[in-house]
Amino acid sequence: MSTTNEKRRHLDWLAAKYAQEIIHKTEDEKASDVDNTVTKALGVLQEDGIYACALFLKSRPQAEKPRADAIMAEMLNLLGELDFDWGRLPPNRAEDVLRYITEKVTSDKLERLLLAKETLEHMLIYARYGAKARKADEEKKEGEGG
């Protein structure tokens with residue numbers, strides 16, 4: 001088995017692991033709300049990059065803040081597990097998060113940045129599917145009267 005395939009599987013595992021954490025941390029929220037926030041974050045990430053996605057998540061209104069903070073926390077956790085020696089993760093304050101992403105993640109080598117972005121995209125896609133699965137379960141439960 002090639003080292004490249006092993007690394008890809010590891011990145012996929014990290015994406016799945018942190019997607020599950022997002023779903024777990026938002027279990028008290030409506031699945032459709034979680035899906036909505038994750039989908040918007042994914043769109044920003046894909047169109048404008050990691051910094052823009054972090055800025056988007058840190059600027060959410062109060063009603064959306066718990067979901068956005070859970071997503072941002074797991075994005076940072078995933079970035080921290082990439083073997084890029086980006087240093088200690090910042091506290092959850094917007095200023096610290098944005099500085100970390102600017103100084104450590106986006107200023108790094110292009111190949112690493114693209115790999116980080118791709119892995120974060122996979123994480124958000126998995127989280128989106130997780131929210132949709134939870135929404136289907138919620139709808140089934142409502143349909144059964146309970």
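Looking across the stretch 42-72 at every residue that is touching a residue at least 40 places away in the same chain (Cβ under 8 Å) and more than 17 Å from R128 (Cβ to Cβ), the one that is surrounded by the most Cβ atoms within 10 Å (Cβ to Cβ) is identified as A54. For the stretch 43-76, the set of residues classified as small (G, A, S) and touching an Asp or Glu at 6+ places or on another chain (Cβ under 9 Å) consists of A63, A70, A73, listed by residue number.
Values quoted throughout were computed directly from the atomic coordinates according to the rules given, and no laboratory measurement underlies them. None of these values were measured; they are calculated from a predicted model. When we count neighbours, we look across all protein chains shown, and the Cβ atoms used for this are built from the backbone with ideal geometry, even at glycine.
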